[in-house]
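A.B. asks: Take this structure, written in structure tokens, and hold onto it; I'll ask about it next.
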């Protein structure tokens, strides 16, 4: 080989490495971003840990964490493990020993203002070219030096006045950072943005709903989308936020992202009950270089049930009817599993993975769902809908094994009675008026009808045959994100603290570890010095668990859900690991409150206020099940002065507790009475017996 040829090969290799930030990750040794690769398959090709030896997998090390959200996927590059915890507090630790290297706190709680009331932290972070990227509660996108933990640059991705937050992981493709944001409690227009990964300068933005026609449209795509809306939709913002799923096809330089439900949910209000309302509940494909529209596929035209299409988008090359196809696969909230041609956007197939009552099928000729009669609760008549806004599949990622072609999906089986919201609903004029009912109500099940227990499954699904291969049922819907590996294994945690490895071909349980705390975060796998590791974080968080008390009843306390005492840890496993964990902590009792006197009227008003303003963090029925404390067990509500200092004066803002300065003394006292009444019921052994207010706020 001539010197010129060698130089040419080195140049090509340099170009390839530069496209992924200076390192090649195709061998699976590193896990540099959410989902590991741009294809977002949540798959590791590593094989050292496999079906023959997984029984010898043991705890290599563990690390205790502070309070706050820990339902997040870590990343690993070059022997260093990085993860976000709490409100985007970034940690770097040695991946082999767990030794802390640095910690960076962006101060999101203090900067978030009113948006501290809306979210809980981020689901993941990204690495590229020696930098760590994270989003924050207040909407910043921050690049951090991976060696020192010092910030390199920061940009504000949405205006401070937007009722919004970042909960999804940034994705870095071809030197660009792609980021969206979440919002579900006020007028906000969704979009996704791209920034230069090196210096943070703005590159492009794609709006997901059209704005005010009198101001003109940003591009032809928005002009076309406007034809699918009616009335004065732009006054509501439209929604369709890109709060989770983003993937990238390097071959065609295409960015794919999923959009959420509209705002408000009820189409009768936002769009005169007319139109598809693009680009809500859609997968959208745009140019990676320019953000220019390529195609879209809408899973739920004119959505009115909160059936987001923001669940993970996974790219794969599969053979269908003897022909190789480049596809996108998604299992959004609506209960169907979609296989879509990722070049053209044409639907290939769609079949239900759970009970679906809102539609009878998806028409393959038109690509549209065939809605069931009455599914839109016409004429004000409530209707039973499966699945619910919790989704047959929520944000917890599925995984695709390219070796056997299967997809492994954490499925939830839930159904509720949907109905119109209170008559005369109007959009709140003040952001402090939290819009919890969002113009519809999730009422529960019909009177006199016993609902089926809310449960979940780990489902192995063939995207080619659109059929189940095997399924494992769980007693609850709170089952974790999935990791598939080249060792023919599937890893998943669950609410009871069990972290298990299943045989990818049969679903047989091959290994189990008691994590001593709920585990629903998605795990990762990587290799350092020739040894394969598996890492997962323990603890509940985000909004998905907040309805545990409503949906699990007495099981909520059975599983020992209490964010204050619940261990939050990093658990790292390897073959031959010998580590152990301390016993599961004893659930603390209800707070002692000798001065409590029952006042039903105050408690009822407090229940409505709690549901409206507090349950999104502190859980339905005041049963703590996310990242915020179980207030039934807290001494703070016992004291009027202490409770006021926290709720009204913001004494704990730095710890993520927002202040409600606008609350009058009587509302604060109503809230305090409700919490104290729930604590009294806990002391009497009636923790989950009280019915909920009229609507149940959905989780994400």
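The values are calculated or read from the model by the stated rules, or taken from the named source; none is laboratory data. Just so we're clear, the structure is a prediction, and the values are computed from it rather than from any experiment. For neighbour counting, all protein chains shown are included, and Cβ atoms are generated from backbone atoms with ideal geometry for every residue, glycine included.
A.B. asks: Quick check: is even one residue across the range 210-229 buried (at least 19 other Cβ atoms within 10 Å of the Cβ) and either part of a strand (DSSP E or B) or within 26 Å of the chain's Cα centre (by Cα) (or both)?
C.D. replies: Yes, that holds for at least one residue.
A.B. asks: Do we have residue 673 as modelled with pLDDT under 90 and under 30 Å from residue 417 (Cα atoms) here? Steps first, answer last, please.
C.D. replies: Working: modelled with pLDDT under 90: no; under 30 Å from residue 417 (Cα atoms): yes.
When the stated conditions are applied, residue 673 does not pass them.
A.B. asks: Does the range 630-641 include one or more residues that are outside any loop (DSSP other than H, G, I, E, B), modelled with pLDDT under 95 and over 15 Å from residue 673 (Cα atoms)?
C.D. replies: No, the range 630-641 contains no residue that is outside any loop (DSSP other than H, G, I, E, B), modelled with pLDDT under 95 and over 15 Å from residue 673 (Cα atoms).
A.B. asks: Please enumerate the residues belonging to the range 565-597 that are in contact with a helix residue (DSSP H, G or I) (Cβ under 7 Å, 6 or more places away or on another chain) and either surrounded by 16 or more Cβ atoms within 10 Å (Cβ to Cβ) or assigned by TED's automatic domain parsing to the domain that holds residue 49 (or both).
C.D. replies: Correct list: 575, 576, 590, 591, 593, 596.
A.B. asks: Restricting to the range 180-203, what's the tally of residues that are without any contact (Cβ under 8 Å) to a residue 60 or more places away in the chain and crowded, with 16+ Cβ neighbours inside 10 Å? Outline the logic, then answer.
C.D. replies: Narrowing the range 180-203 to residues without any contact (Cβ under 8 Å) to a residue 60 or more places away in the chain: 189, 191, 193, 195-196, 199-202.
Narrowing further to those that are crowded, with 16+ Cβ neighbours inside 10 Å: 189, 191, 193, 195, 200.
Residues meeting the conditions: 5.
A.B. asks: Another question, if that's okay. State yes or no: is residue 391 surrounded by fewer than 23 Cβ atoms within 10 Å (Cβ to Cβ), in a loop (DSSP other than H, G, I, E, B) and in contact with a strand residue (DSSP E or B) (Cβ under 9 Å, 6 or more places away or on another chain)?
C.D. replies: No, not satisfied.
A.B. asks: Just one of the numbered conditions (1) closer than 27 Å to residue 188 by Cα; (2) modelled with pLDDT under 95; (3) in contact with a strand residue (DSSP E or B) (Cβ under 6 Å, 6 or more places away or on another chain); (4) not in a loop (DSSP other than H, G, I, E, B) is not true of residue 384; which one?
C.D. replies: Of the numbered conditions (1) closer than 27 Å to residue 188 by Cα; (2) modelled with pLDDT under 95; (3) in contact with a strand residue (DSSP E or B) (Cβ under 6 Å, 6 or more places away or on another chain); (4) not in a loop (DSSP other than H, G, I, E, B), the odd one out for residue 384 is (1).
A.B. asks: Hey, could you check the range 230-257 for residues that are within 21 Å of residue 187 (Cβ to Cβ) and outside any loop (DSSP other than H, G, I, E, B) and say which is nearest to the chain's Cα centre (by Cα)?
C.D. replies: The qualifying residue nearest to the chain's Cα centre (by Cα) is 239.
A.B. asks: Test of understanding: among 52, 56, which residue is surrounded by fewer than 18 Cβ atoms within 10 Å (Cβ to Cβ), assigned by TED's automatic domain parsing to the domain that holds residue 525 and without any contact (Cβ under 8 Å) to a residue 60 or more places away in the chain?
C.D. replies: Numbers: 56 fails: without any contact (Cβ under 8 Å) to a residue 60 or more places away in the chain.
After ruling out the rest, the residue left standing is 52.
A.B. asks: Filtering the range 27-40 down to residues that are within 19 Å of the chain's Cα centre (by Cα) and over 20 Å from residue 83 (Cβ atoms), which residue is surrounded by the most Cβ atoms within 10 Å (Cβ to Cβ)?
C.D. replies: 38
A.B. asks: Among the residues of the range 219-239, is there at least one that is farther than 16 Å from residue 280 by Cα and in contact with a strand residue (DSSP E or B) (Cβ under 8 Å, 6 or more places away or on another chain)?
C.D. replies: Yes, the range 219-239 contains at least one residue that is farther than 16 Å from residue 280 by Cα and in contact with a strand residue (DSSP E or B) (Cβ under 8 Å, 6 or more places away or on another chain).
A.B. asks: Consider residue 377 carefully, then state whether it is more than 19 Å from the chain's Cα centre (by Cα) and closer than 28 Å to residue 166 by Cβ. Lay out the reasoning, then the answer.
C.D. replies: On the way: more than 19 Å from the chain's Cα centre (by Cα): yes; closer than 28 Å to residue 166 by Cβ: no.
Considered against the rule, which asks whether it is more than 19 Å from the chain's Cα centre (by Cα) and closer than 28 Å to residue 166 by Cβ, residue 377 comes out as no.
A.B. asks: What are the residues in the range 599-613 that are surrounded by fewer than 23 Cβ atoms within 10 Å (Cβ to Cβ) and in contact with a helix residue (DSSP H, G or I) (Cβ under 7 Å, 6 or more places away or on another chain), if any?
C.D. replies: Within the range 599-613, the first condition is being surrounded by fewer than 23 Cβ atoms within 10 Å (Cβ to Cβ), and the residues that meet it are 599-605, 608-609, 612-613.
Residues satisfying the conditions are 599, 602, 603, 605, 609.
A.B. asks: If you check 102, 127, 120, which single one turns out to be without any contact (Cβ under 8 Å) to a residue 60 or more places away in the chain and closer than 25 Å to residue 62 by Cα? Before the answer, list the steps.
C.D. replies: Values: 127 fails: without any contact (Cβ under 8 Å) to a residue 60 or more places away in the chain; 120 fails: without any contact (Cβ under 8 Å) to a residue 60 or more places away in the chain.
Exactly one of 102, 127, 120 is without any contact (Cβ under 8 Å) to a residue 60 or more places away in the chain and closer than 25 Å to residue 62 by Cα, namely 102.
A.B. asks: Would you pick out the residues in the range 642-661 that are more than 29 Å from the chain's Cα centre (by Cα) and either farther than 15 Å from residue 114 by Cα or crowded, with 20+ Cβ neighbours inside 10 Å (or both)? Working first, answer last.
C.D. replies: Taking the range 642-661 and keeping what is more than 29 Å from the chain's Cα centre (by Cα), we get 642-645, 648-649, 661.
Scanning the range 642-661 gives 642, 643, 644, 645.
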